Amino acid sequence: MDINRREFLKITGASTIVGLLGGWKAVELLAPGELEAKYLPKTEALTAKRWAMVVDNKKMDEKTAKKCIEICHRIHNVPDIGDPKREIKWIWLEPFENAFPGQRQEHTAERLNGKPLIVLCNHCDNPPCVRVCPTKATWKREDGIVMMDQHRCIGCRFCMAACPFGSRSFNWGDPRPFIKKKNPEYPTREKGVVEKCDFCAERLAKGLIPACVEVSNGALVFGDLADPKSDVRKTLRTHYSIRRKPHLGTNPQVYYIV
Ligand code: SF4
Ligand code: SF4
C-alpha cells in the first residue's frame with residue numbers, strides 16, 4: 001500500500017490515531033520479502049507527556065550504531081546522495097570532540113578520544129528552528145516532538161541556520177533517484193525541502209517504539225520523561241548524563257551517557 005504525504009501527516013499529527021496500516025517491526029523492514037505476513041497485533045498509539053531519548057555510549061558500539069543509522073534511513077526513504085556537501089541525514093556519527101565541543105580536556109577518558117557518537121535531532125524544549133520558520137512548516141508537538149511538514153516548507157533554510165546541531169538536511173536536488181529501496185509506507189521528499197528525525201512519530205502512532213531504539217540492543221532508551229517509572233527516567237536516575245551544547249539554552253531532550 002502506498003501512502004502520500006498528506007495522509008502521512010494525518011497519522012503523525014494525531015498520536016492517538018490507531019495504526020492505519022498495522023505495525024511493522026524495524027527488523028522486519030530489514031527483510032522486506034517477509035513483510036506481508038508479519039503485521040503486529042499492537043495497534044494502540046504510544047503516548048507521552050514528554051518524549052526523550054538516552055544514548056548509552058557504554059553500550060553503543062560502531063556496529064550497532066551503523067544498524068541504527070541504516071534502519072532509520074531505510075524506513076524513512078532517506079536518500080544516499082554520495083556527496084558529503086549534499087548529504088541528507090537523520091541520524092549519524094560525529095567524533096566526541098565535534099558532538100561535545102569544549103568538553104574534552106587533558107584528563108578526558110582516553111576511550112572518548114575521537115570516538116564516533118551517534119547524533120540526531122535533539123527535539124529541543126526550546127527549539128530555535130521552530131521560532132524562525134516563517135511558514136510554521138516545523139513545530140513542536142505537545143509531547144515534545146519537533147515535527148516537519150514538507151508541504152509547508154518553502155526551502156528558506158532559516159531552520160537550518162538556527163539549529164546549532166546540524167540536525168537538518170536540505171534537498172538540493174530531487175532525492176528520489178538516490179533512494180536505494182523505497183519504503184512505500186513512508187513519503188518521499190522533493191527538491192527544495194528540509195528534513196530531519198521525527199522520533200519516528202509515524203511508528204509511535206502505530207504503537208511502535210522508534211526503529212533505531214528497536215535495533216540498538218539497549219544502547220538507545222526511549223520513553224516519557226514525565227513518567228518516573230519510564231525507562232528513560234530510570235536510566236537517567238542511575239547514570240550521569242550530559243547533553244549537547246546546553247549553554248545555548250535550546251534544552252535538548254536527547255541525553256548521553258559517556
Ligand atoms: S536539534 Fe536542531 S532541529 Fe532539532 S529541535 Fe533542536 S534546534 Fe530544532
Ligand atoms: S527516532 Fe526514528 S527518525 Fe529519529 S533517528 Fe531514530 S529511527 Fe530515525
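The values are calculated or read from the model by the stated rules, or taken from the named source; none is laboratory data. These figures come from a predicted structure and were not determined experimentally. Cβ sites come from the backbone with ideal geometry, for glycine too, and all protein chains shown count toward neighbours.
Taking the criterion of being away from ligand 1 (no atom under 16 Å from the Cβ), buried (at least 23 other Cβ atoms within 10 Å of the Cβ) and either in a loop (DSSP other than H, G, I, E, B) or not assigned by TED's automatic domain parsing to the domain that holds Ile118 (or both), the residues of the range 204-215 that qualify are Ala205, Lys206. The condition (being at pLDDT 95 or above, closer than 20 Å to Cys72 by Cα and either touching an Asp or Glu at 6+ places or on another chain (Cβ under 8 Å) or of a type in the set (Val, Ile, Thr) (or both)) is satisfied by just one residue among Ile154, Ile257, Ile209: Ile209. Filtered by the rule that a residue be within 16 Å of ligand 2 (Cβ to nearest atom) and either buried (at least 20 other Cβ atoms within 10 Å of the Cβ) or in contact (Cβ under 8 Å) with a residue 40 or more places away in the chain (or both), the range 135-150 gives Thr138, Arg141, Asp143, Gly144, Ile145, Val146, Met147, Met148, Asp149, Gln150. Only residues that are out of contact with any His (no Cβ under 9 Å at 6 or more places or on another chain) and in a loop (DSSP other than H, G, I, E, B) were counted in the range 119-140, giving 11.
In the set Asn113, Asn126, Asn122, which member is without any contact (Cβ under 8 Å) to a residue 24 or more places away in the chain and not acidic (Asp, Glu)?
On the way: Asn126 fails: without any contact (Cβ under 8 Å) to a residue 24 or more places away in the chain; Asn122 fails: without any contact (Cβ under 8 Å) to a residue 24 or more places away in the chain.
Criteria check complete, one pass: Asn113.
Among the residues that make up the range 171-193, is at least one of them within 10 Å of ligand 1 (Cβ to nearest atom) and either modelled with pLDDT of 95 or more or farther than 17 Å from Glu87 by Cβ (or both)? No - not one qualifying residue is present in the range 171-193.
Table: residues versus (1) touching a residue at least 60 places away in the same chain (Cβ under 8 Å); (2) in contact with a strand residue (DSSP E or B) (Cβ under 7 Å, 6 or more places away or on another chain); (3) polar (S, T, N, Q).
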{"residue": "Asn217", "(1), (2), (3)": "yes, no, yes"}
{"residue": "Pro228", "(1), (2), (3)": "no, no, no"}
{"residue": "Arg244", "(1), (2), (3)": "yes, no, no"}
{"residue": "Asn251", "(1), (2), (3)": "yes, no, yes"}
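Kindly indicate whether Phe222 is buried (at least 22 other Cβ atoms within 10 Å of the Cβ) and not aliphatic (A, V, I, L, M). Here the answer is yes, as Phe222 does meet what is asked.
A count restricted to the range 151-169 and to residues that are buried (at least 16 other Cβ atoms within 10 Å of the Cβ) and within 16 Å of ligand 2 (Cβ to nearest atom) stands at 5.
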